[in-house]
Amino acid sequence: MFTVTVTDTHDETDSIKVLRLVRSDGTALAPYPAGAHIDVTGPTGITRPYSLCGPPHDTGAYTIAVKREADSRGGSQALHDKAEPGSELTVGTPRQLFSLAPDAAAHHLVAAGIGITPLLAMAYELHGRAAEFTLHYVARSRADAAFAALLEESAFTARVVRHFGLGRQAVMSALTAELTALPTNAHVYTCGPYDFMTYVRELAARGLPEERIHSELFQAGEPSDASGAFEVELDTGEVYFVPPGKSIAEVLEENGVPLETSCREGICGTCVLRVTEGEPDHRDHCLTAKEKAAGDQIAACVSRAKSARLVVELW
């Protein structure tokens, strides 16, 4: 983690605020691939992940967009109300859980609402390398669409398909026509509300294998049942009991075991631990199907165990 200074803010919509961040010590920022995010610790000390939505080649500053959530626990609300030019925040280095496939013949980006943020960075990168892509953007209206003006003026505006104010049925019909007849060497990337992404994934799966469909959650779906007790053993030998209703992360923290967490919803991947023994019960949205099948990782904030004990490595 390191300190950054807010150099500029503006409201993209009534609920979405954009912040531009530079290193407070004046040094260059680390480069990042499109789709990456950073953990941001706001004025109230709450840490949340935010996608980097500026051009990936711009290492002079990081750009994030923050949606004020109605049920905010203090993270997004504090950034909206207290982060102004001159404010200092603590952030982590970019982390990649949502990436462009290098072998795709065509890329289809499908965003809804604040889900435009990682896909905007992908559009910048794809345009820069003259790759074949289309960006579909769904919003209730143009006024609710972050970066609407930027997309209209961008060099790749001809590749942007806007679905603004069309209503659910019209959007579903348009996406069905676009996503159910893709060539098998295409890849689909989606970000937005949970139900929206589920629908996009189902459409794309009619013609594409699962490994060609990619998504990133900003908000988890319905919480999984947390029943079933088990033990977690650390690679240093300590064993802790994880009761129903408590996560691995909570138990470790209660026992003074340092563990980095962020979203607490199984979305960001911050708390993923290596599993050396036992069978995880995956309930996260950050590991891929292949990673879950391998059984050697677990998201400690939400996932549990099918076996009586899990042995994990902290570092």
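Where a number appears in this text, it was derived from the coordinates with a stated rule and is not lab data. Computed from a prediction, not measured in an experiment: that's the story for all the values here. Cβ coordinates were reconstructed from backbone atoms using ideal geometry, including for glycine residues, and neighbour counts include every protein chain displayed.
Just a few scattered comments:
- The relative contact order of the chain, computed from alpha carbon pairs under 8 Å that lie at least 6 residues apart in sequence, is 14 percent.
- Estimated 222 nm signal from helices in the chain, with DSSP H stretches of n ≥ 4 weighted -39500 (n - 2.57), rounded to 500: -5500 deg cm²/dmol
- Among 292, 17, the ranking by other beta carbons within 10 Å of each residue's beta carbon, starting with the fewest, stands as 292, 17.
- Straight-distance crosslink candidates among lysines, where the alpha carbon sits under 20 Å from residue 290 and sequence neighbours closer than 8 are dropped: 306
- Between region 1-76 and region 148-167, the Cα center-to-center distance that results, in Å: 23 Å
- Sorted on the mean count of surrounding Cβ atoms within 10 Å across their residues, most packed first, peptides 28-40, 124-136, 160-172 read 28-40, 124-136, 160-172.
- Residue order, fewest to most surrounding Cβ atoms within 10 angstrom, among 257, 275: 257, 275
- Hits among lysines - C-alpha to C-alpha of residue 82 under 21 Å, sequence gap 8 or more where chains match: 17, 67
- Semi-axis lengths (Å, descending) of the ellipsoid that matches the C-alpha gyration tensor of region 106-242: 34, 18, 17
- Fewest-first ordering of 230, 156 by other beta carbons within 10 Å of each residue's beta carbon gives 156, 230.
- Taking other residues whose beta carbon is less than 13 angstrom from the beta carbon of residue 103, and scoring Lys, Arg as +1 and Asp, Glu as -1, yields -1.
- Hull volume per residue, based on the alpha-carbon atoms of the chain and their convex hull, is 142 Å³.
- Restricting attention to the chain, close to 60% of DSSP beta bridges with both partner residues there are antiparallel.
- Residue 207 sits among other residues whose Cβ lies under 14 Å from its own Cβ, and their net charge, with Lys and Arg +1 and Asp and Glu -1, is -1.
- Using the alpha carbons alone, the radius of gyration of region 7-166 stands to its Kirkwood radius in an Rg to Rh ratio of 0.96.
- Length released on extending from residue 185 to residue 290, taking residue separation times 0.36 nm less the Cα-Cα span: 35.9 nm
- A simple count of charges around residue 3, restricted to other residues whose Cβ falls under 14 Å of its Cβ and scoring Lys, Arg +1 and Asp, Glu -1, yields -2.
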